[in-house]
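Visitor: The structure is given below, and queries will be raised subsequently.
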Amino acid sequence: MRTGAIMTSIKAWIVRHAGGLSTVIVASVWLVHGLFNKLLHGSPRHLQIVQSVPGLSGALGQRVLTGVGLLEVAVALWVLSGWAAHCCAAVQTIALLSMNAIELTVARPLLLWPAGLIPVNLLFLVVAWIAAESREPCSLLTRWRRHPIAIQAHLRDCLTLTYALPPNVLRRLLPPGLELETYAGHAFVAVALVQAESLRPAGLPERMGQDFFLAGYRVFTTFAPATGPVMRGLRILRSDANRARMVAGGNLLTHYNYHRCEASIDRPPDRIHVTVWTCDHGGDLDVTADLANAALPAGSPFHSLRDARRFAGPLPFTFDYEQETHAIIAINARRTNWRPAPVAVDVRRISFFEQAAFDGCTPVLAAAFHVKDIDYRWERGVRHALSEKE
């Protein structure tokens with residue numbers, strides 16, 4: 001028992017101090033190679049390796065060795081400073097693997113262990129990235145999920161159903177920092193059924209994009225940043241997509257809660273029939289839209305179509321909450337040709353509203369709109385830190 005307790009304590013100490021230890025190890029390696037081996041010529045073999053590169057023989061090779069030594073000392077100081085730690089790790093990765101490639105190509109006989117050069121240095125780079133992770137306020141995965149790249153797509157068809165619910169029901173589903181947008185005492189959830197084409201990182205050609213179907217469930221909200229005007233946007237509650245790559249990519253780069261689904265879309269003249277099946281049955285859906293009808297649903301709280309269009313979604317922003325740093329991530333959206341037309345819908349099932357969060361209330365269909373042929377772009381997410389009081 002005593003030995004087990006000691007080992008547990010040692011492991012706990014290592015975990016707590018892994019970041020500091022790895023930082024010291026990485027900085028020491030760069031400092032020894034840069035200062036001792038190159039600037040102080042502690043290892044003549046380093047000069048021989050540099051001079052074996054075509055065009056770097058003689059005095060030029062000595063000057064290049066000095067330059068490389070100074071850069072390695074600078075990297076050691078950068079590692080110790082902790083500034084832009086992930087950028088520092090990336091620079092180390094590129095520099096070290098580039099030097100290894102040159103050494104294996106032109107100076108293999110001068111290497112102490114050619115076969116082990118790459119494996120040893122890959123292990124070193126693992127330690128370098130551990131050091132970088134320890135110096136950043138949040139993990140690499142957290143930063144990846146901030147919608148880190150601009151995305152563009154063409155929306156061929158988008159059918160949006162807007163449901164009115166009691167504000168106290170939806171307020172429980174919001175993270176800190178966001179407020180419900182209400183109308184006539186109601187809060188709203190939009191159910192968007194989208195056929196998207198050529199979704200891809202902005203700037204890439206359309207042929208490199210992904211076509212897919214998306215069902216998204218969003219709450220209409222507002223966010224008041226520390227500076228600037230209040231922002232209108234949507235808080236994503238759930239997303240269903242019929243492409244595995246979209247589900248994997250969506251969950252890696254956002255907090256949009258993607259699930260895999262199967263979808264059937266029938267498009268006879270002036271109608272759209274959408275059926276969705278999900279593994280957890282949380283996104284099962286069966287809806288038919290009559291594109292020729294232009295009236296608001298019976299019982300809608302909206303006084304006019306003009307008022308209803310304000311809740312047709314999507315809005316200028318999509319909001320995400322980053323729990324690790326207590327911040328709101330705001331993703332700005334840009335669109336063209338946005339002219340939502342009212343439609344009549346026959347909703348046979350939307351299982352999303354059957355979950356426990358909606359027990360005791362009956363969502364009321366407030367509006368239904370259809371748009372088509374929309375060019376859409378989502379910008380990179382922008383982080384807004386929240387105060388401790390929020």
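The values are calculated or read from the model by the stated rules, or taken from the named source; none is laboratory data. Please read these numbers as outputs of a predicted model, since none were measured by experiment. In this analysis, Cβ positions are derived from the backbone assuming ideal geometry, glycine residues included, and neighbour counts consider all displayed protein chains. Note: areas computed on protein heavy atoms with side chains; ligands, DNA, RNA excluded. Shrake-Rupley method; radii C 1.70, N 1.55, O 1.52, S 1.80 Å.
Results for (1) under 30 Å from LYS389 (Cα atoms); (2) open to solvent by 60 Å² or more (accessible area, probe 1.4 Å); (3) modelled with pLDDT of 95 or more, shown as yes or no for each residue.
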| position | (1), (2), (3) |
| --- | --- |
| PRO201 | no, no, no |
| ASP211 | no, yes, yes |
| THR222 | yes, no, yes |
| ALA241 | no, no, yes |
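Visitor: Can I ask one more? Could you check PRO205 against (1) without any contact (Cβ under 8 Å) to a residue 60 or more places away in the chain; (2) surrounded by fewer than 18 Cβ atoms within 10 Å (Cβ to Cβ); (3) touching a helix residue (DSSP H, G or I) at 6+ places or on another chain (Cβ under 7 Å) and say which number it fails?
Guide: Against the list (1) without any contact (Cβ under 8 Å) to a residue 60 or more places away in the chain; (2) surrounded by fewer than 18 Cβ atoms within 10 Å (Cβ to Cβ); (3) touching a helix residue (DSSP H, G or I) at 6+ places or on another chain (Cβ under 7 Å), PRO205 comes up short only on (3).
Visitor: Follow-up question, since we're still on this one. If you go through segment 253-277 one residue at a time, how many are under 20 Å from ASP240 (Cα atoms), part of a strand (DSSP E or B) and without any contact (Cβ under 8 Å) to a residue 24 or more places away in the chain?
Guide: 8
Visitor: Taking the options TRP144, TRP129, name whichever one is aromatic (Phe, Trp, Tyr) and closer than 30 Å to ASN332 by Cα.
Guide: From the options TRP144, TRP129, the qualifying one is TRP144.
Visitor: For segment 337-348, enumerate the residues that are in contact (Cβ under 8 Å) with a residue 40 or more places away in the chain and either touching a Phe, Trp or Tyr at 6+ places or on another chain (Cβ under 8 Å) or outside any strand (DSSP E or B) (or both).
Guide: PRO340, ALA341, PRO342, VAL343
Visitor: Quick check on SER300: is it open to solvent by less than 50 Å² (accessible area, probe 1.4 Å), among the hydroxyl-bearing types (Ser, Thr, Tyr) and touching a helix residue (DSSP H, G or I) at 6+ places or on another chain (Cβ under 8 Å)?
Guide: On the way: open to solvent by less than 50 Å² (accessible area, probe 1.4 Å): yes; among the hydroxyl-bearing types (Ser, Thr, Tyr): yes; touching a helix residue (DSSP H, G or I) at 6+ places or on another chain (Cβ under 8 Å): yes.
The answer is yes for SER300.
Visitor: Picking from ALA85, ALA18, ALA76, which residue would you name as being crowded, with 18+ Cβ neighbours inside 10 Å, in contact with a Ser or Thr (Cβ under 9 Å, 6 or more places away or on another chain) and modelled with pLDDT under 90?
Guide: ALA85 is the lone residue from the list that is crowded, with 18+ Cβ neighbours inside 10 Å, in contact with a Ser or Thr (Cβ under 9 Å, 6 or more places away or on another chain) and modelled with pLDDT under 90.
Visitor: All but one of (1) open to solvent by 50 Å² or more (accessible area, probe 1.4 Å); (2) modelled with pLDDT of 85 or more hold for TRP144; which doesn't?
Guide: (2)
Visitor: In segment 283-302, what count of residues is obtained for those that are closer than 23 Å to LEU180 by Cα and either at pLDDT below 95 or outside any loop (DSSP other than H, G, I, E, B) (or both)?
Guide: 3
Visitor: For segment 142-178, which residues satisfy the criterion of being in a helix (DSSP H, G or I) and more than 30 Å from ILE272 (Cβ to Cβ)?
Guide: THR142, ARG143, TRP144, PRO167, ASN168, ARG171
Visitor: Suppose the filter is in contact with a Ser or Thr (Cβ under 6 Å, 6 or more places away or on another chain) and touching a residue at least 12 places away in the same chain (Cβ under 8 Å); does ALA312 pass it? If you could, list the steps in order and put the result at the bottom.
Guide: Numbers: in contact with a Ser or Thr (Cβ under 6 Å, 6 or more places away or on another chain): yes; touching a residue at least 12 places away in the same chain (Cβ under 8 Å): yes.
Spelling it out, ALA312 is indeed in contact with a Ser or Thr (Cβ under 6 Å, 6 or more places away or on another chain) and touching a residue at least 12 places away in the same chain (Cβ under 8 Å).
Visitor: For segment 141-163, does any single residue satisfy the condition of being among the hydroxyl-bearing types (Ser, Thr, Tyr) and farther than 30 Å from PHE352 by Cβ? Can you show your working first?
Guide: Applying the first criterion (among the hydroxyl-bearing types (Ser, Thr, Tyr)) to segment 141-163 yields 142, 160, 162-163.
Retained after the next criterion (residues that are farther than 30 Å from PHE352 by Cβ): none.
Scanning segment 141-163, I find no residue that is among the hydroxyl-bearing types (Ser, Thr, Tyr) and farther than 30 Å from PHE352 by Cβ, so the answer is no.
Visitor: Now, a different point. Being assigned to a helix (DSSP H, G or I), over 16 Å from VAL106 (Cα atoms), open to solvent by 60 Å² or more (accessible area, probe 1.4 Å) and of a type outside the set (S, T, N, Q) is the filter here, so list the residues in segment 24-64 that pass it.
Guide: Matches in segment 24-64: VAL24, ILE25, LEU31, VAL32, HIS33, LEU35, PHE36, PRO44, LEU60, ARG63.
Visitor: Pull up segment 306-336, narrow it to residues that are among the charged types (D, E, K, R) and part of a loop (DSSP other than H, G, I, E, B), then point me to the one that is nearest to the chain's Cα centre (by Cα).
Guide: Keep residues of segment 306-336 that are among the charged types (D, E, K, R), which gives 306-307, 309-310, 320, 322, 324, 334-335.
Then keep just the ones that are part of a loop (DSSP other than H, G, I, E, B); that gives 310, 324.
Working: ARG310: 27, GLU324: 14 Å.
Filtering first and then ranking leaves GLU324.
Visitor: Being touching a residue at least 40 places away in the same chain (Cβ under 8 Å), buried (at least 21 other Cβ atoms within 10 Å of the Cβ), small (Gly, Ala, Ser) and touching a His at 6+ places or on another chain (Cβ under 9 Å) is true for just one of ALA190, ALA184, ALA164. Which residue is that?
Guide: Answer to the check: ALA164.
Visitor: Go through the residues of segment 198-214 one by one and say whether even a single one is hydroxyl-bearing (Ser, Thr, Tyr) and in a loop (DSSP other than H, G, I, E, B).
Guide: No.
Visitor: Is there a residue being part of a helix (DSSP H, G or I), polar (S, T, N, Q) and more than 16 Å from HIS33 (Cβ to Cβ) anywhere in segment 69-84?
Guide: Kept after step one, since they are part of a helix (DSSP H, G or I), are these residues of segment 69-84: 69-81.
Cutting the leftovers down to polar (S, T, N, Q) gives us 81.
Going one step further and asking which of them are more than 16 Å from HIS33 (Cβ to Cβ), we end up with 81.
Scanning segment 69-84, I find at least one residue that is part of a helix (DSSP H, G or I), polar (S, T, N, Q) and more than 16 Å from HIS33 (Cβ to Cβ), so the answer is yes.
Visitor: Does ASP280 meet the test of being more than 27 Å from VAL343 (Cα to Cα), open to solvent by 40 Å² or more (accessible area, probe 1.4 Å) and without any contact (Cβ under 8 Å) to a residue 60 or more places away in the chain?
Guide: Numbers: more than 27 Å from VAL343 (Cα to Cα): yes; open to solvent by 40 Å² or more (accessible area, probe 1.4 Å): yes; without any contact (Cβ under 8 Å) to a residue 60 or more places away in the chain: yes.
When the stated conditions are applied, ASP280 passes them.
Visitor: For segment 349-370, give me each residue that is assigned to a loop (DSSP other than H, G, I, E, B) and open to solvent by 40 Å² or more (accessible area, probe 1.4 Å).
Guide: GLN355, ASP359, GLY360, THR362
Visitor: If you take the residues of segment 278-290 that are more than 11 Å from ALA215 (Cβ to Cβ) and of a type outside the set (A, V, I, L, M), which of them is farthest from the chain's Cα centre (by Cα)?
Guide: As a first pass, look at segment 278-290 and keep what is more than 11 Å from ALA215 (Cβ to Cβ): 279-281, 286, 288-290.
Applying the additional criterion that residues be of a type outside the set (A, V, I, L, M) yields 279-281, 286, 288, 290.
Details: CYS279: 24, ASP280: 24, HIS281: 26, ASP286: 30, THR288: 33, ASP290: 36 Å.
Among those that are more than 11 Å from ALA215 (Cβ to Cβ) and of a type outside the set (A, V, I, L, M), it is ASP290.
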